[in-house]
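First up is the structure itself, then whatever we jot down about it.
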There are 2 protein chains.
Amino acid sequence: MKSKEKLQAAAAKLFIEKGFENTTVQEIASLAGVTERTFFRQFKDKSDVLFDTNNDLGQRVAAYITSNFDVEKKPLKLAVESFVSISEFFDNSRERVLARNQIIQSNPDLQERELLKGQVLITSISNSLSPQYDGDLSELTARFAVEIFHMAYTKWIKNAEKSLAEQLLTVYELYENLFCCLE
Amino acid sequence: MKSKEKLQAAAAKLFIEKGFENTTVQEIASLAGVTERTFFRQFKDKSDVLFDTNNDLGQRVAAYITSNFDVEKKPLKLAVESFVSISEFFDNSRERVLARNQIIQSNPDLQERELLKGQVLITSISNSLSPQYDGDLSELTARFAVEIFHMAYTKWIKNAEKSLAEQLLTVYELYENLFCCLE
DNA sequence: TTTCAGATGTCAGTTTGTGACACTATTTTA
DNA sequence: TAAAATAGTGTCACAAACTGACATCTGAAA
């Protein structure tokens, strides 16, 4: 097991046990059997250990969009479907996702960081849409898609009954109402 | 002049002169003629000195929405108009806004913090809409409205020719195209 | 085996941020 | 007006987050 993984495991354990602010990098490093200095070589700062994914989501979503493009389909619908295509991952790791979410919600700095991930998601989606649509339109679509995802994700966190895919569709329908039924 | 204001002025000066990361709290405090300790009593951390506004925007936008509610109008349109109603402030302080923006763009931590302001904006707008609409619908409208604002704001930063109000309307029209003209 | 690159340890130092306590100025209240 | 509460500050000591420089180790290629 590489030291990076050991550090991540140690951090996860300690953050859940005693909270993010109450665990020091020192402790994480000790539990992982390495030095504090090594921690900071693997992660740019303390919170980075929770956010290491290399925009995996973004890449998978973008891939879905480029390979499932269809002129007949509204771009926002396509983007939402791309989220549906990866939603199973969330349903399958509900416990882990919930634990991580709890840590993040407990600390404002972490919430800010989580928000930043939304920005890079927007960029990924916008770029994957750009070959087909006008740049501004792609960006706006990406922004709305990510908001729909955020909202569906929040509902999914709070309600264990429905799958993330169902929540995504629910919110998407809400969006359609937003436009057409309230004139 | 209260020490809080002196600290803000000193910070603004130094951040522009030497960048955010290269100026220490120590230096800010010295220039303001106070102690480092009193800096941290006024601001919860170093970046807080740039973000002290008490959600002024949110309050004004929410006020506009509650007092200009109209069943005939789509909620998102109303929300965008509420942004238009405060856009003059940006046009009138373009230089200051640009300077602040430049500082924020130079540092990832600051960008994250700026994003958090978007979240509290969403909450303000969502709450001001809730008396009239379903909760989920209010939230989605608020999220979209803030995205429209973000995008318009970005365009306004990059292009000195158009007012923020014009940019807001441009992006709103884009949104209407997004829905109806691409079936 | 030798060599070389990459990962880790060591250590000293800067910076951020906090707690505790003392002092001063301003405002309240008797 | 005088006494007393209160808010704002300074000082000091300290924990924790990070960084740079340099030494050391380890594993794989030559």
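The values are calculated or read from the model by the stated rules, or taken from the named source; none is laboratory data. Since this is a predicted model, take the numbers as computed values, not measurements. Cβ: placed from backbone, ideal geometry, glycine included. Neighbour counts: every protein chain shown. Protein only, heavy atoms only, side chains kept; ligands, DNA and RNA dropped before computing areas. Shrake-Rupley method; radii C 1.70, N 1.55, O 1.52, S 1.80 Å.
Some notes on this structure:
- Per-residue mean of C-beta atoms belonging to partner chains within 10 Å, peptide A:111-119: 5
- Averaged over the residues of peptide A:132-144, the number of Cβ atoms from other protein chains lying within 10 Å of each residue's Cβ is 4.
- Helix A:75-92 axis versus longest C-alpha principal axis of chain A: approximately 40°, rounded to the nearest ten.
- Choice from A:152, A:32, A:62 with maximal GNM fluctuation in chain A (Cα, 10 Å cutoff): A:32
- Ratio of the Cα radius of gyration of chain B to 2.2 N^0.38 Å, where N counts its residues: 1.18
- FRET efficiency, 1/(1 + (r/R0)^6) with R0 22 Å, evaluated for residue B:160 and residue A:123 via beta carbons: 0.35
- Nearest-ten-degree value, helix A:135-158 long axis tilted from longest Cα axis of chain A: 60 degrees
- Structure remark: mean-square fluctuation, Gaussian network model of chain A, C-alpha springs under 10 Å; the largest value among A:146, A:80, A:97 belongs to A:97.
- Sparsely packed trypsin sites (Lys or Arg not before Pro) within segment A:1-110, loop by DSSP, other Cβ within 10 Å at most 10: A:2
- Against chain A, whose longest principal axis is taken from its Cα atoms, helix A:94-105 shows a tilt of about 80°.
- Expected 222 nm ellipticity per residue - DSSP helices of 4 or more, -39500 (n - 2.57), all of chain A, to 500: -24500 deg cm²/dmol
- Surrounding net charge for residue A:87, when Lys and Arg each add one and Asp and Glu each subtract one, Cβ distance under 13 Å: 0
- Surface per residue (accessible, 1.4 Å probe) for segment A:3-50, Å²: 54 Å²
- GluC sites (Glu not before Pro) lying in DSSP loop within segment B:46-104, provided at most 11 other Cβ fall within 10 Å: B:72
- Net charge of Cβ neighbours under 13 Å - reference residue B:25; Lys, Arg +1; Asp, Glu -1: -1
- When both segment B:109-183 and segment B:75-106 are represented by their alpha-carbon centers, they are found 11 Å apart.
- Cross-linked pairs A:6/A:162; A:77/B:73; A:117/B:155; B:44/B:74; B:46/B:74: Cα-Cα separations exceed 30 Å for A:6/A:162; B:44/B:74; B:46/B:74.
- Normalised by residue number, the volume inside the convex hull of the Cα atoms of the protein assembly as shown is 166 Å³ per residue.
- Surface accessible to a 1.4 Å probe, residue A:109 within the full protein complex, Å²: 90 Å²
- Spin-label model, residue B:107 to residue B:56: label points 7 Å out along the Cα-to-beta-carbon direction sit 2.1 nm apart.
- Oblate is the label for segment A:100-183, because the ratio a/c of its alpha-carbon gyration tensor axes (a ≥ b ≥ c) is 1.5 or higher and a/b is not greater than b/c.
- Sites matching GluC sites (Glu not before Pro) across segment B:130-173 that sit in DSSP coil, with at most 12 neighbouring C-beta atoms within 10 Å: B:161
- Note on chain B: with charges restricted to the Cβ of Lys and Arg (+1) and Asp and Glu (-1), its dipole about the Cα centre is near 800 debye.
- Cut-off 13 Å between beta-carbons: net charge of the residues surrounding residue A:161, Lys and Arg +1, Asp and Glu -1: +2
- Comparing B:19, B:33, B:58 in a Gaussian network model of chain B, where Cα atoms under 10 Å apart are tied by springs, the biggest mean-square fluctuation is seen for B:33.
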